[in-house]
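Only the coordinates and a few stated rules stand behind these numbers; no lab work does. Just so you know, these numbers come straight off a predicted model, no measurement behind them. Neighbour counts run over all protein chains shown; Cβ positions are idealised from the backbone, glycine included.
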Amino acid sequence: MYKNIIFDLYGTLVDISTKETGRIVWKQMALFYRYSGIVYNWMDLRDKYFEFVEKETKHQRYENKSKNNHESYPEIKIEKVFSDLYREKGVEADDEPIKKTAIYFRRITTRRLKLYKGAKELLEDLKSRGKKIYLLSNAQRIFTEYELEGLDILKYFDGILISSDEGIRKPDKAFTELLKERFDVNFNESLLIGNDAENDIGSAKRVNMDSFYIRSNISPKGDKTPNCKFVLEKMNLFKVKDMLKDL
């Protein structure tokens, strides 16, 4: 029935917990910048970071609207924020230190990162049955690329779309439609699997694609069970594998 299976990543295949607001995080980041000769008080650094995130998001929203009349779901490249933090202190950093800064930030803000049980078994089963597997993720390429490799699941995907590359994110219809434009995905032959009623199931509905909602430990609080093809009220990818075995 389905030739293509489209996965969300975090909260669907990968269990993750991050925290960007703690004092220890920003003290460590201030020390990291100091190694480059840049002096930030940790509170000032924290405040500037979130200020630049908001500023860049507003800019991307304006760019999207002026170019393509997208819905209001912009995505930024986090590298730009770290670049601005260097520039704020009069330093024009090139790509390498910005990349190292971003990766260090991800490392110290990540509390948990692991595959849900059954993730590899599910992906292996789908591949063995000739399914095409795609990733549609609201994420930062600079983080996600390394994490896919580290978790050893990059090899399973026939195509990957990451929001930071495109300047838009789920549930923007234009982001989902890139599956058709880039990989010739027929939505009538596809199933989207995710843990977020608005971003994942909402994305599928915008292009009339079937969807599978899994309520995971990091599904948005207050998520109402959506009306979709399949629903699993508790994370269990072994059960997902079983539910899809004849499709």
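Along the positive direction of the dipole of the range 18-110 (beta-carbon charges: Lys, Arg +1; Asp, Glu -1; about the Cα centre), which of Ser83, Thr110, Tyr49 reaches farthest?
So the residue we want is Thr110.
Explain nothing, just the number: relative contact order of the chain, from Cα pairs under 8 Å at least 6 residues apart, as a whole percent.
After rounding, I find 26 percent.
Give me the angle, in degrees from 0 to 90, between the Cα long axis of helix 95-109 and the longest principal axis of the Cα atoms of the chain, rounded to the nearest 10.
70
Could you bin all the Cα-Cα distances of the chain into 10 Å bins starting at 0 and give me the percent of pairs in each, rounded to whole numbers?
The calculated distribution, bin by bin, is 7, 29, 33, 21, 9, 1.
For the Cα atoms of the chain, what angle does the longest principal axis make with the long axis of helix 119-128, in degrees from 0 to 90, nearest 10?
50
With bins 5 Å wide starting at 0, give me the P(r) of the range 82-211 over every alpha carbon pair, in whole percents.
The distribution over the range 82-211 is 2, 9, 16, 19, 19, 15, 9, 7, 3, 1, 0, 0, given as percents.
Filter the GluC sites (Glu not before Pro) in the range 165-247 down to the DSSP loop ones having no more than 14 other Cβ atoms within 10 Å, then list what survives.
Counting only loop positions with at most 14 other Cβ atoms within 10 Å, the GluC sites (Glu not before Pro) in the range 165-247 are Glu233.
I want to verify a result. In a Gaussian network model of the chain, Cα cutoff 10 Å, which of these has the top mean-square fluctuation: Ile153, Ile162, Ile193?
The residue that fluctuates most here is Ile153.
Quick one: dipole size for the range 18-110, taken about the Cα centre, charges +1 on Lys/Arg Cβ and -1 on Asp/Glu Cβ, in debye to the nearest 20.
300
For n ≥ 4 DSSP H runs only, could you compute -39500 (n - 2.57) per run for the chain, divide by its residues and tell me the 222 nm figure to the nearest 500?
-14000 deg cm²/dmol
State to the nearest 20 debye the size of the charge dipole of the range 104-247 about its Cα centre, where the only charges are +1 on K and R beta carbons and -1 on D and E beta carbons.
It comes to approximately 520 debye.
If amide H atoms are built 1.01 Å from N in the plane of the peptide, which residues on other chains or at least 5 residues away come under 5 Å of the amide H of Leu115?
Result for Leu115 returns Asp15.
State the Cα centre-to-centre distance between the range 75-136 and the range 3-27 in whole Å.
9
Any idea what the relative contact order of the range 113-247 is, in percent, if you count C-alpha pairs under 8 Å spaced at least 6 apart?
21
On a straight-distance basis, which aspartates and glutamates could pair with Lys127 in a cross-link, Cα separation under 20 angstrom, same-chain partners fewer than 8 positions away excluded?
Straight-distance partners of Lys127: Asp8, Glu149, Asp152, Asp158, Asp184, Glu189, Asp210, Asp242, Asp246.
Positive end of the dipole of the chain, charges at C-beta (+1 Lys, Arg; -1 Asp, Glu), about the Cα centre: which of Met29, Ala204, Pro74 has its Cα farthest in that direction?
Working it through, the farthest residue towards the positive pole turns out to be Met29.
Please enumerate, by chain and number, the lysines with C-alpha under 16 Å from the C-alpha of Lys224, excluding those fewer than 8 residues away in the same chain.
Filter leaves Lys205, Lys234.
Counting only pairs 8 or more places apart or on different chains, how many lysine pairs in the range 18-110 have C-alpha atoms closer than 15 Å?
Lysine pairs meeting the criterion: 14.
Among 141-147, 220-226, 239-245, 61-67, how do they line up by average Cβ neighbours within 10 Å per residue, starting with the highest?
Highest to lowest by the protection proxy: 141-147, 239-245, 61-67, 220-226.
From the C-alpha coordinates alone, can you work out the Kirkwood hydrodynamic radius of the range 18-110, in Å?
After inverting the pairwise mean of 1/r, the radius is 14.0 Å.
What are the residues whose amide H is under 5 Å from the amide H of Ser211, where those residues sit 5 or more places off or on another chain and H is modelled from the backbone?
Under 5 Å from the amide H of Ser211 lie the amide H atoms of Leu192, Lys229, Phe230, each far enough along the sequence or on another chain.
How large is the dipole of the chain about the Cα centre if only Lys and Arg carry +1 and Asp and Glu carry -1, each at its Cβ, rounded to the nearest 20 debye?
620
Any number yet on Rg/Rh for the range 75-130, C-alpha, Kirkwood?
Taking Rg over the Kirkwood Rh, I get 1.27.
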